[in-house]
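Notes for the one structure printed next.
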Amino acid sequence: MEAKPMSEYFYFSTTVKNFMFEDLSFHGSAGVVCVCLIIFSFTVLLEGTKSLIFYLRLRQNQNPLTYGKTETSIQTERSPLFSALMIPSSVSEIKQKRLKFHIGGYLLHSVDLLLGYLLMLAVMSYDAYILIAVILGSGVGYFVFGAINTRNQIKFQALQMSVYDRYDSQAGLTNSDASTNDASTNGSRYGSNGNTCDKTAR
Amino acid sequence: MIYTRQIRIAYMAIIVTVVAMVFAYILMAFQNTTSATTMNHMDHGHMDMGNGGTDGHNHVGMDMNNTDRTCAGGMLMFFHTGKCEFILFETLRTKDVGGLVGACVAIFALAIIYEGLKVFREMLLQKAMLTGNKYAISNGSSSQDTMVISNKNVGFQHDVYIRLHMMTCSHFVQTVLHMVQVFISYCLMLVFMTYNVWLCLSVILGAGIGYFLFGWRKAIVVDINEHCH
């Protein structure tokens, strides 16, 4: 039996035969609703995975002087000495940290690819309901996780800026000089914006 | 150029109208040819039912000869250069060279629009983050020094950030554009799946020229924002 696709154009149907595995078929409206809900959750998971990858990249490119600063303790007067103590001192520790980031990125990337290809194969069945479920899932996923991405990016930019503001004031520049422009200007001036800009619009 | 709300809405309207025009062109271009063929199909189908089952095979043979003179065979899962393809929908069907050329042009335009949409969304996001940042920071702090999130009212300002970025108009616009982008990307994938060499080439060339026309903005957008705001 040659492998021919079931359809060559979009169709609305409540019977899906051989969905992605050989004997997996759905009949009736309840079956289609279940399939669409599963596909919807997969799409939201995909958007979540992309958001996690973005957060991992932000953490990876974080200024070491901002290690240990969380959202609740951003403005505490943390001396530069204490921040410097949080930086891993030996090369082997730095290598381990980079390895952990790399492995985490690899795992997330494979989950991202897997979910992406699964959804592509689901849409390839040319069932219109499944396409609508994918589109709605991507919309809801982007609505939730896109906001989280923006919040994380601003948080990490604020962290970055807090370090350099303190340094500028210590080096003689006044705070008003360093903070007349807004957050992303300072972030890009010190080179931290380039890594995260192209990831936000995925 | 200052991206006010009106200009943003104008950009979106332009994109939506161009996409609608492309689909309308496709529909109009193939409506006449496909309606004739579907009527032929139905007539021969009725004749088959009427004459009984013993002559079924002959009639099916004649059916193929009469209506699909040059379009034989179903979907071929290897690269082929034919001129009979279904383009995504049942009513869009190319039967001759003219139809195929029209389909190639439409898919080329769609790929260019897709690349432009990606860059446009990124531009909108940059603008939204700049204005959102200014609004949040100037709203929450009185003095010029407190650029970082203050610990004293971290709850309030944190909520301002989250509320600002989930429920703003710009986020809704970004979500809608994201859905359009997902739909167009899946459509391009399905067009590529027809395995027709001409359609695949038009997808690739459209993406390339789209990136050429719009991709340079990705490098410049960040720099321009820093100087004039």
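The values are calculated or read from the model by the stated rules, or taken from the named source; none is laboratory data. Here the structure is a predicted model, which means the values were calculated and not measured. Reconstructed Cβ throughout: ideal geometry from the backbone, glycine too, with neighbour counts over all protein chains shown.
Taking segment A:24-59 as the search range and keeping residues that are among the hydroxyl-bearing types (S, T, Y) and under 30 Å from A:I94 (Cα atoms), which one is surrounded by the most Cβ atoms within 10 Å (Cβ to Cβ)?
A:T49
State which residue pairs qualify: first residue without any contact (Cβ under 8 Å) to a residue 60 or more places away in the chain and inside segment A:117-130, second residue among the aromatic types (F, W, Y) and in a helix (DSSP H, G or I) in any location, beta carbons under 9 Å apart, and separation of 6 or more residues or different chains.
A:M120/B:Y186; A:V123/B:Y186
Please state which one of A:L159, A:L114, A:L131 is of a type in the set (A, V, I, L, M), more than 10 Å from every other protein chain (Cβ to nearest Cβ) and in a helix (DSSP H, G or I).
Just one listed residue meets the conditions, A:L114.
For segment A:60-74, state whether one or more residues are in a helix (DSSP H, G or I), modelled with pLDDT of 85 or more and either surrounded by 12 or more Cβ atoms within 10 Å (Cβ to Cβ) or among the β-branched types (V, I, T) (or both).
Among the residues of segment A:60-74, at least one is in a helix (DSSP H, G or I), modelled with pLDDT of 85 or more and either surrounded by 12 or more Cβ atoms within 10 Å (Cβ to Cβ) or among the β-branched types (V, I, T) (or both), which makes the answer yes.
What are the residue pairs meeting all of these: first residue in segment A:23-46, first residue free of Cβ contacts under 8 Å to residues at least 24 places away in the same chain, second residue in a helix (DSSP H, G or I) and not aromatic (F, W, Y), Cβ atoms under 7 Å, and 6 or more apart or on different chains?
Between residues of segment A:23-46 that are free of Cβ contacts under 8 Å to residues at least 24 places away in the same chain and residues that are in a helix (DSSP H, G or I) and not aromatic (F, W, Y), the close pairs are A:F26/A:V32; A:F26/A:V35.
Quick check on my filter: what residues within segment B:189-201 are part of a helix (DSSP H, G or I) and surrounded by fewer than 18 Cβ atoms within 10 Å (Cβ to Cβ)? Talk me through it step by step, then tell me what you get.
Just the residues of segment B:189-201 that are part of a helix (DSSP H, G or I), to begin with: B:189-192, B:197-201.
Across segment B:189-201, the qualifying residues are B:M189, B:F192, B:V197, B:C200, B:L201.
Identify all residues within segment A:118-136 that are surrounded by fewer than 17 Cβ atoms within 10 Å (Cβ to Cβ) and either at pLDDT 95 or above or within 15 Å of A:F12 (Cβ to Cβ) (or both); write none if there are none. Before the answer, list the steps.
Applying the first criterion (surrounded by fewer than 17 Cβ atoms within 10 Å (Cβ to Cβ)) to segment A:118-136 yields A:118, A:120-121, A:128, A:132.
Selection gives A:A128, A:I132.
Is it true that some residue in segment A:149-165 is of a type in the set (A, V, I, L, M) and modelled with pLDDT under 80?
yes
Do we find that B:Y195 is over 15 Å from B:F108 (Cβ atoms) and either touching a residue at least 12 places away in the same chain (Cβ under 8 Å) or touching a Cys at 6+ places or on another chain (Cβ under 8 Å) (or both) in this structure?
yes
With modelled with pLDDT of 85 or more and either of a type in the set (S, T, N, Q) or within 21 Å of B:M12 (Cβ to Cβ) (or both) as the only criterion, which of B:Q126, B:Q174, B:Q157 stands out?
Sole residue among the options that is modelled with pLDDT of 85 or more and either of a type in the set (S, T, N, Q) or within 21 Å of B:M12 (Cβ to Cβ) (or both): B:Q174.
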